[in-house]
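Structure first, then comments.
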């Protein structure tokens with residue numbers, strides 16, 4: 001622990017590898033005059049280096065906790081979260097057709113661009129970096145873990161995303177298929193939703209409880225069935241879904257899917 | 001139900017000459033009128049949902065005695081230093097400005113069920129087509145011999161959030177090392193079943209964090225067991241070993257009385273003396289419910305499980321702690337859930353809105369120590385007999401720290417969610 005030049009937050013070996021240009025890049029984004037950029041500047045010292053030296057193989061395993069919301073690789077599409085193809089160099093909140101929180105769009109307009117450095121900061125404490133984000137991920141405390149995930153993202157995010165006319169994803173029999181084919185009754189969904197919004201905020205903010213507004217229909221339905229069948233484990237949600245049938249779940253998906261986050 | 005159609009009925013009511021003599025907030029332009037007494041978790045939610053979902057088709061009036069509302073839920077976290085008092089105190093401005101609710105800052109004094117009016121303390125009357133009564137609880141001070149409203153200034157109950165909560169906090173903060181805290185816990189049924197035990201946890205948290213390791217907390221409980229008992233006792237052993245002693249009736253033999261002048265709590269077993277004594281007496285529905293003739297012998301209000309409609313009057317609904325909600329506990333979450341059923345039913349009554357089958361739910365989070373949260377909850381469905389539990393869950397003993405921390409963080413999210421759901425945004 002005797003390396004005097006070591007960055008405050010990260011292991012010394014990472015600081016050693018920091019190319020000078022990384023710091024410059026973060027400074028460049030600060031010129032965008034956004035709060036986020038200023039914040040990044042302020043914490044640049046604590047994070048020291050950009051994400052280099054991660055192991056994509058380890059990242060792939062860690063990415064499992066991201067996978068249910070974020071698609072990446074060939075034909076990736078938006079799901080509960082935006083797809084991650086072409087992520088590096090993309091402005092935050094800028095993908096067409098995805099319902100971002102206004103907080104994320106604002107940061108993108110103010111110059112926040114995703115790169116190794118900004119992702120490192122964001123993934124550590126997403127809700128702290130982007131208050132109001134819809135991403136209900138608590139964060140990844142271990143810096144090495146973040147480096148591995150970022151390395152994995154970098155390796156896979158080079159593909160172009162699928163257009164609307166892309167080859168259909170292979171049909172598979174899946175849970176919730178019946179509900180997915182129903183035309184959900186949004187008015188019924190609105191009544192049923194009153195039970196959800198006691199915890200899940202209508203604004204789409206995720207403060208310790210995930211945002212559920214603006215989800216694609218099938219993702220919403222799949223998630224509720226996964227709780228209902230105990231594939232996903234959460235006591236409150238398992239209890240909430242146990243008495244919901246296809247009609248109720250389709251109604252909820254129709255109602256929440258049509259909402260826009262604030 | 002009236003013989004007239006609902007729409008015809010409301011038109012007639014609006015045309016009545018009597019309305020011209022009403023105060024400004026009561027003079028509706030022929031729209032059906034829903035009035036809510038009590039702006040807490042039940043009443044606030046019901047007013048907001050009716051106003052939000054009925055738009056211009058209904059007039060919604062909320063009568064609340066206090067200008068600001070401090071939530072009982074999370075008030076223990078204020079005692080423990082985890083929340084500020086301001087952060088658990090809410091106003092009614094948003095309900096008025098963003099939802100068009102007429103907020104009347106006055107005490108409801110009487111309900112004339114024949115004339116369908118609510119009399120306020122100043123004598124003015126507010127007419128209604130449908131009335132929601134959500135007054136919360138009143139304390140039965142003399143259920144503990146020696147205790148009284150005056151004694152509560154010395155031995156606070158703090159079971160209605162507000163100045164009483166601040167008084168208890170001041171007394172807690174003044175405790176010195178070696179001094180003792182005694183809690184007299186309430187008998188069933190009472191508001192917030194895990195509340196007394198979360199409160200004791202917060203007492204202990206304060207003592208421990210200030211290094212007052214020679215102080216003790218004694219709970220004198222009239223009940224042989226309590227909500228989340230295994231979870232609390234496990235947590236107390238883990239975080240506060242030797243600090244908390246709980247005595248059920250088989251040990252103390254019965255509560256003889258309290259003496260505010262000496263700080264004594266006398267039981268058949270012994271006399272316990274506290275430098276701080278927190279007495280939580282038995283409870284009944286808020287006074288207006290009894291005055292309106294909505295209560296039964298239990299002191300609470302029987303309701304129709306399918307709609308929350310009072311069994312005493314088809315034009316009145318009773319929500320939250322004041323009603324007899326079958327298997328549902330008296331909690332803010334329960335009141336909020338019941339409010340949505342009542343609001344929908346009233347819209348169905350008055351403006352022919354679609355009415356869906358009633359559904360109810362509840363979850364209660366409790367904090368034992370920093371980042372050690374637990375929860376209990378259930379789903380409920382109406383039956384002819386009562387609102388009955390259909391499924392339930394509870395945190396497990398021995399859960400790892402990450403689960404407990406996530407549970408605590410979830411409760412913070414829930415607080416944001418439910419207070420927005422009650423008071424609007």
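Bear in mind these aren't lab numbers, they're just calculated from the coordinates by the rules spelled out. Predicted model only: the values in this text are computed from it and were never measured. For neighbour counting, all protein chains shown are included, and Cβ atoms are generated from backbone atoms with ideal geometry for every residue, glycine included.
Some notes on this structure:
- Secondary structure note: in the protein assembly as shown, about 55% of the DSSP beta bridges are antiparallel.
- For residues of A:235-243, the mean tally of beta carbons on other chains within 10 Å: 6
- Order of B:171, B:311 under a 10 Å beta carbon neighbour criterion, fewest first: B:311, B:171
- For chain B, the extents of the C-alpha atoms along the principal axes are 71, 45, 39 Å, listed from largest to smallest.
- Ordering of B:221-230, A:100-109 by burial proxy (mean other Cβ atoms within 10 Å per residue, highest first): A:100-109, B:221-230
- Residues A:144, B:93, arranged from fewest to most other Cβ atoms within 10 angstrom of their Cβ, appear as B:93, A:144.
- Counting Cβ atoms of other protein chains within 10 Å of each Cβ in A:185-196 and taking the mean gives 4.
- Rounded D (µm²/s) - the protein assembly as shown, Kirkwood Rh over Cα pairs, Stokes-Einstein at 10 °C, 1.306 mPa s: 57 µm²/s
- Chain B: angle of helix B:332-351 to the longest principal axis, Cα-based, in degrees nearest 10: 10 degrees
- At R0 = 56 Å, FRET efficiency that the Cβ-Cβ distance of residue B:256 and residue B:355 yields, to 0.05: 0.60
- Taking 1.567 mPa s as the viscosity and 4 °C as the temperature, the Stokes-Einstein diffusion coefficient of region B:306-370 based on its alpha-carbon Kirkwood radius rounds to 101 µm²/s.
- Taking the centroid of alpha carbons for each part, region A:199-262 and region B:214-243 are 36 Å apart.
- Ranked by how many other beta carbons lie within 10 Å on average, peptides B:207-214, B:253-260, B:273-280 from highest: B:273-280, B:253-260, B:207-214
- Calculated Rg and Dmax of region B:242-355 using C-alpha coordinates, Å: 20.1, 62
- In nm, spacing of pseudo-spin labels at residue A:229 and residue B:230 (7 Å Cα→C-beta vector): 3.0 nm
- Relative contact order (%) - criterion: Cα under 8 Å, at least six apart; region: region B:143-282: 37 percent
- Residue mean of other protein chain beta carbons inside 10 Å, A:201-213: 4
- Cβ crowding within 10 Å averaged over residues, with A:134-142, A:203-211 ranked highest first: A:203-211, A:134-142
- Listing B:137, B:154, B:346 from fewest to most neighbouring C-beta atoms within 10 Å gives B:154, B:137, B:346.
- FRET efficiency estimate (nearest 0.05) - Cβ-Cβ, residue A:74 to residue B:142, R0 60 angstrom: 0.20
- Approximate spin-label separation residue B:121-residue B:400, in nm, with each point projected 7 Å along Cα-to-Cβ: 5.5 nm
- In nm, spacing of pseudo-spin labels at residue A:243 and residue A:155 (7 Å Cα→C-beta vector): 4.8 nm
- Per-residue ellipticity at 222 nm, computed for chain B from helices alone with -39500 (n - 2.57) per DSSP H run of at least four residues, works out to -9000 deg cm²/dmol.
- Pairwise centroid distance, computed over Cα atoms, of region B:388-405 with region B:109-147, Å: 38 Å
- Region B:148-169 and region A:73-88: distance between their alpha carbon centers, rounded to Å: 56 Å
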